[in-house]
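J.: Questions regarding the structure given below will be posed in turn.
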Amino acid sequence: MDNSSTKESVLGSSASSFPRSHDKISAPKDTPFFVDNEFRFSSTKDFIDVHDPATNNLVSRVPKLSNTELEEAVLSAEKAFPGWQSMSTIARQQIMFRYVGLIREHWDRLAAVITLEQGKTVADSKGDVLRGLQVAEAACAGPEYMKGEVLEVAKDMETRTYREPLGVVAVICPFNFPAMIPLWCIPIATITGNTVVLKPSERAPGAAMILAELAEKAGFPKGVINVVHGAHDTVNFLLDSPAIKAISFVGSNKAGEYIFTKGSENGKRVQANLGAKNHAVVLPDCDKDSTLDAIIAAAFGAAGQRCMALSAIVLVGETQSWLPELVKRAQALSVNGGFEANADLGPVVTPQSKARIEGLIKSAEAEGAKILCDGRGFKPAAYPNGNWVAPTIISELNPTMECYKEEIFGPVLVCLQVQSLDEAIQLVNDNPYGNGTAVFTSSGVSAERFRKNIQAGQVGVNVPIPVPLPMFSFTGNKKSVAGGGANTFYGRPGVNFYTQLKTVTSKWAGRDDQPTKNTLSMPTHS
């Protein structure tokens, strides 16, 4: 039996005991780091405060680890690698099965800490956990992923391929998906035989710490999974460490481009998902009601703080007249603390995020756009000190405006108008980002034309957020991914990122009574 279901862990929560409200924490605990399957408290005097976005009450403090503490984590991963690599994939699979079961058992606990630290509604936080859990479940197919190939290439000669892990890999996570992004990486990296040093966002570290605790309970050996903390100095340490062979990153373009460049210069593999400006093209022949509902959910869910949020719609022809109904639906949404039962969306993560979002709304106004639905100044009665921005809809803008060029990363939807599908496709393709896009139509011909000509990695037909399940892969392009998008997360491409191929060609002597003659010419394998 998992003792943490009846007894609180060092993290102050368990499967049955976890936060259920935004009440002020009387004695917030410092967040530990995790090395050698144990929680350790940093000796640093330099901390980053973690606040509840609904109240801005202190939740925890995250340490900026010293180089000595960071070296402990990397050394632990280095020491663990030979034993973990040599363990059979079947044995690693058994541990992954247990890990999946524990994540399911602690699902509500993980969701609660995400709501407390990041601000999502409980329902949205549970979805965060689910999409990561699905990757962990898919990783249980590790024996299938790790199979090699063999071919008899000539008489008495064969070539085999072996898929082998890289070694120690690092994962640098964003604030907006505190469970999903760690689970995009930990399961795939470890089932393939790598060891991991993970840095969660300093704004929302709690879910990663629970995942580390559950990893130890599942039977991961010491050093296979380690968790470190900090900000820029920690990232630079991971980028410079010779022991780390690969870096996985999700976050902003500025940070991601720096990580990709420096990591690559240091000889590391780097996969990096960056910013986005996701469009939905709305054609007059679509189902109006279901389309408007889909747009509302995709634009304002998670307060717009996701790289696949629908942040721009392109209204074609007569669909421009649907804007009043879209506004009415947006205004009906409940903006409240994430633990409140009726909340549709919660606050944004920090006061600085709120100020940036409001600044971009103001810039749209100044540049001549029309604010149809203004979420500035909103405050729920129970939580007046939170980082609130209610749903905002902006129309009558053009692609040169700041609110269109920038990724707003908040509950703001910008609306553009064109007269044809071809115009819409050109507008979307002219945008430098390429994570996802969608078209709403009842015409198969229009959908196929859109699919063939659009430049985006993930395309939805009547699906506003077309993120593929983990049997596929996360396929952004253009400025939404670093390095041209060759290294994508999860699925077989994720396995390819965390492994390297070895080919072995073997020649076995024939029968003793048929000796082969030595030759100095190049072999032809025929």
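Readers should treat all values here as calculations from the given coordinates under stated rules, not as data from a laboratory. In this text, all values refer to a predicted model and were calculated from it rather than measured experimentally. Every residue, glycine among them, receives a Cβ derived from its backbone with ideal geometry; neighbour counts consider all protein chains shown.
J.: Given Lys45/Lys199; Lys147/Lys452; Lys354/Lys405; Lys126/Lys245; Lys147/Lys502, which pairs have Cα atoms separated by over 24 Å?
T.: The pairs that break the limit, which is 24 Å between Cα atoms, are Lys147/Lys452; Lys126/Lys245.
J.: Kindly rank 397-406, 40-49 from highest to lowest mean number of other beta carbons found within 10 Å of each residue.
T.: Highest-to-lowest ranking by the protection proxy: 397-406, 40-49.
J.: Right, something else. Taking the mean number of other Cβ atoms within 10 Å as a proxy for protection, how do you rank 417-427, 181-191 from highest to lowest?
T.: 181-191, 417-427
J.: Tell me whether the chain comes out rounded, prolate or oblate; compute the Cα gyration tensor, take square roots of the eigenvalues as a ≥ b ≥ c, and use a/c under 1.5 as the rounded threshold.
T.: Judged from the Cα gyration tensor, the chain comes out oblate (a/c at least 1.5, b/c at or above a/b).
J.: Something else now. Under 13 Å Cα to Cα from Lys262, which aspartates and glutamates show up? Leave out anything in the same chain fewer than 8 places away.
T.: Within the straight-line cut-off, Lys262 pairs with Asp240.
J.: Something else: Which of the aspartates and glutamates could a cross-linker bridge to Lys254, judged by Cα under 15 Å and excluding same-chain residues fewer than eight apart?
T.: Those aspartates and glutamates meeting the cut-off are Glu406, Glu407.
J.: For Leu283, enumerate residues with amide H under 5 Å from its amide H, sequence gap 5+ or separate chain, H modeled in the peptide plane.
T.: Phe440
J.: For Cα pairs less than 8 Å apart in space and 6+ apart in sequence, what is the mean separation divided by the residue count of the chain, i.e. the relative contact order in percent?
T.: Over the chain, the number comes to 17 percent.
J.: Could I ask something else about it? With θ set to phi - 60° and the Karplus curve 6.51 cos²θ - 1.76 cosθ + 1.60, what are the ³J(HN,Hα) couplings of the stretch 192-202 in order, to the nearest whole Hz, using x for Gly and Pro?
T.: Each residue of the stretch 192-202 in turn: 8, x, 8, 10, 10, 10, 10, 10, x, 4, 5 Hz.
J.: Moving to a separate point now. What 222 nm value per residue comes from the helices of the chain, counting each DSSP H run with n ≥ 4 as -39,500 (n - 2.57) and dividing by all residues, nearest 500 deg cm²/dmol?
T.: -11000 deg cm²/dmol
J.: Which far-off residues, 5 or more places away or on another chain, put their amide H under 5 Å from the one on Asp36, with H placed in the peptide plane?
T.: Here Gly223 satisfy the definition.
J.: How many percent of DSSP beta bridges within the chain run antiparallel, rounded to 5?
T.: Of all bridge pairs located within the chain, approximately 40 percent are antiparallel.
J.: Ordered by residue, what ³J(HN,Hα) values in Hz, to whole numbers, does the stretch 348-363 give under the Karplus form 6.51 cos²θ - 1.76 cosθ + 1.60, where θ = phi - 60° and Gly and Pro are x?
T.: Residue by residue, the stretch 348-363 yields 7, 6, 9, x, 5, 5, 4, 4, 5, 4, 5, x, 6, 5, 4, 5 Hz.
J.: Of the beta bridges DSSP finds with both residues in the stretch 278-475, what % are antiparallel, to the nearest 5?
T.: Antiparallel bridges make up about 10 percent of those DSSP assigns within the stretch 278-475.
J.: Tabulate in residue order the Karplus-calculated ³J(HN,Hα) for the stretch 293-307, using 6.51 cos²θ - 1.76 cosθ + 1.60 with θ = phi - 60°, rounded to whole Hz; enter x for Gly and Pro.
T.: Values, residue by residue: 5, 5, 4, 4, 5, 6, 7, 10, x, 6, 6, x, 8, 8, 6 Hz.
J.: Separate question: Of the peptides 316-326, 121-131, how do they stack up when ordered by the mean number of other Cβ atoms within 10 Å, highest first?
T.: Descending packing order for the listed peptides: 121-131, 316-326.
J.: Pull up all non-local amide H partners of Val171: gap of 5 or more, or a different chain, and H-to-H distance under 5 Å with H placed in the peptide plane.
T.: For Val171, the qualifying residues are Val197, Leu198, Lys199, Ser248.
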